[in-house]
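Every number here is computed from the coordinates shown, using simple stated rules; none is lab data. Remember, predicted model here, so these are calculated numbers, not experimental data. Because the Cβ atoms are built from the backbone with ideal geometry, glycine has one as well, and the counts that use them run over all protein chains shown.
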Amino acid sequence: MITTLFICTGSFHHRLRGLGVCSIFCGFVVSSYYVVLISWVVHAFFASWDPNAPWSNPQLMGDEAVNYFYNEIIGMETVVDDDLTPTRLVGENVLYTCLVWCVVFIGTAFGVKTTGRLTYVTVGLPVLLLFVFLGRAATLPGASEGVYA
């Protein structure tokens, strides 16, 4: 009975509830910003397998890669004003943003226990991949010269 009463009325002091609401609002604002950035990265990740992507060119310069990211991935080629006002929606970015929001929802909707289990994968897999990349880089020709440098 007492537990039900706390769930219905809240266990925080009534003057501190606004602090909790503000914390949730700030988390939503920050995640809204980062979800779009992550969707650009996901878009670039899947676009990297495109045969027309500039990565297959061995003479690729940094400026070309940056221009590809700005124009093709983000969609800045249609911005015509100096104030960088967007003039269109990039359909792929809208879909990737929806995908990232779904992943955020799935990652948080099932509680702390599931989020903890998900953390094992999202932390462990990149660490494992770093060791795989290190092993691959160490076996490439000229790797010892790079280590000495």
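Here are a few things to note about the model shown:
- Where a residue in the stretch 34-56 is outside any helix (DSSP H, G or I) and its partner, wherever it lies, is of a type in the set (Gly, Ala, Ser), with Cβ under 8 Å and at least six apart: ALA53/ALA47
- Any chance TYR96 is in contact (Cβ under 8 Å) with a residue 12 or more places away in the chain, in contact with a Ser or Thr (Cβ under 7 Å, 6 or more places away or on another chain) and surrounded by 11 or more Cβ atoms within 10 Å (Cβ to Cβ): yes
- No other residue among THR87, THR108, THR122 is hydroxyl-bearing (Ser, Thr, Tyr), surrounded by 10 or more Cβ atoms within 10 Å (Cβ to Cβ) and outside any helix (DSSP H, G or I) apart from THR87.
- Among residues of the stretch 64-84, those that are exposed (fewer than 15 other Cβ atoms within 10 Å of the Cβ) and among the small types (Gly, Ala, Ser), counted: 1
- Filter result for GLY107 (among the small types (Gly, Ala, Ser), touching a Ser or Thr at 6+ places or on another chain (Cβ under 9 Å) and closer than 23 Å to TYR33 by Cα): yes
- Test: LEU95 is touching a Gly at 6+ places or on another chain (Cβ under 7 Å), part of a helix (DSSP H, G or I) and closer than 21 Å to VAL41 by Cα: no
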